[in-house]
1. Among residues other than Val97 whose Cβ falls under 11 Å from its Cβ, what is the net charge (Lys/Arg +1, Asp/Glu -1)?
2. Taking a cut-off of 14 Å between Cα atoms, list the aspartates and glutamates near Lys219, but don't count ones fewer than 8 places away on the same chain.
3. Taking a 1.4 Å probe, which of Val26, Val226 shows the most accessible area, and what order do the others take after it?
4. What's the local net charge at Arg279, with K and R +1, D and E -1, over the other residues with C-beta under 14 Å away?
5. Kindly sort Asp198, Asp180 by accessible area of their heavy atoms, largest first, with the probe set to 1.4 Å.
6. Hey, rough spin-label estimate for Thr249 and Asn45, points 7 angstrom out along Cα→Cβ, what's it come to in nanometres?
7. Please work out the FRET efficiency for the pair Ser55 and Asn118, using the Cβ-Cβ distance as r and a Förster radius of 45 Å; give the result to the nearest 0.05.
8. At a Förster distance of 30 Å, what's the computed FRET efficiency of Tyr62 paired with Leu133, Cβ-Cβ distance as r, to 0.05?
Amino acid sequence: MSAKIMNVDNEIKGAFFVMAHTPSVVFDKNMVFLDMNEAAISTLNIKKSDFIGKSILEAFPYLEGTERLEAYKNVIKTGKPISLDEISFYTDDKTFVFIVRAFKVGEGLGVTTLDITNLITTIDKLKATQNNLQIVNKNLKLKNKELEEFSYVAAHDLRAPLTNMQSLFGMLESSNAITDEVKPIFDKLKYVGKLMCDKLKALNNVIALKSNLEDKKEKVIFKEVVAKIKAIHSEKIVTSRAIIKEDFTALPTINYNPVQFDSILHNLISNAIKYKHPRRKPIIHVSTHLENNKPVLIIKDNGLGFDTSNGKSKVFGLFKRMHTHVEGLGVGLYIIHSIIVGNGGQIEVVSEENKGTQFKIYF
């Protein structure tokens, strides 16, 4: 190679060294500073004259006896470059964190760095924030557990006086102490007492369910669950002439808590029978398929349907009822929603008055 080409080559290398954004320094074989670029001077806020001609230990005495200093010496000795992560450099007023690349230059050492001080600070802040969020989350879980326990105890304790009240109503009724004049009021009191007992019982069931959403999952066969529900409601199915059509070809099984899954299908199928249209026999379609590789269960009926213009989310509210002409507490759909959401899924409803309802469950 001619001298002219070598000079051009050295000029290019020198330009890269001087103009680089990353701090870089060059040492001789005795680890004495030979040169440093402008990025090193501006980043560390130092004077070049304070370093050139000084050894690395004069500039950074804390490196004495460290593995890093030995690693630098080994690069000069063997010629094998090394990379070091999160290396700290200390000045009088600041600590810097760098990613370091050390390599042999002539008989000496070249060190180029990437300043990650701000990045490390940001990461530390994010970790602190994450730790704080974990503490807050833990406290919220404790508070929720306390509230659930309080709700359970309150509902349980209230049932006793209400049950006693119903017993007293029964005693009054059997003793013929109720006159014809007060009989209508007495009957209303009995009804209200029973309703309160039923709601407290339902509330206890909801609390118990929500506190056990993480129970062990196992293989559930759709067809077997539907068969069991048909057997339980056989009389209602025969009386209403209900037809239940099943199609589990796409997805015959799913891993789920069996008790919870029974509750989902039982509530939806029994509701489809309960809220049938008076002028036609109920036809209930129960099917499964995959959407974006996720299991989906669809329950569709041709029943009364309901108006969803006031917000579909209200359908799943506790003690919310779409129809009041048949007996019910408005707990079933709330329980279904709690189970599905608690297991990381979602449920959608589409309904039209006098035409029917479709529930779509994404597991």
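1. Every neighbour counted, the sum reads -3.
2. By straight Cα distance, Lys219 reaches Asp262.
3. Listed by decreasing accessible area, they come as Val26, Val226.
4. +4
5. Asp180, Asp198
6. 7.4
7. 0.90
8. Efficiency, rounded to the nearest 0.05: 0.25.
The values are calculated or read from the model by the stated rules, or taken from the named source; none is laboratory data. Note that the coordinates shown come from a computational prediction; the quantities given were computed from them, not determined experimentally. Glycine also receives a Cβ, built like all others from the backbone with ideal geometry; neighbour counts cover every protein chain displayed. Side chains included, ligands, DNA and RNA excluded: accessible areas come from the protein's heavy atoms. Shrake-Rupley method; radii C 1.70, N 1.55, O 1.52, S 1.80 Å.
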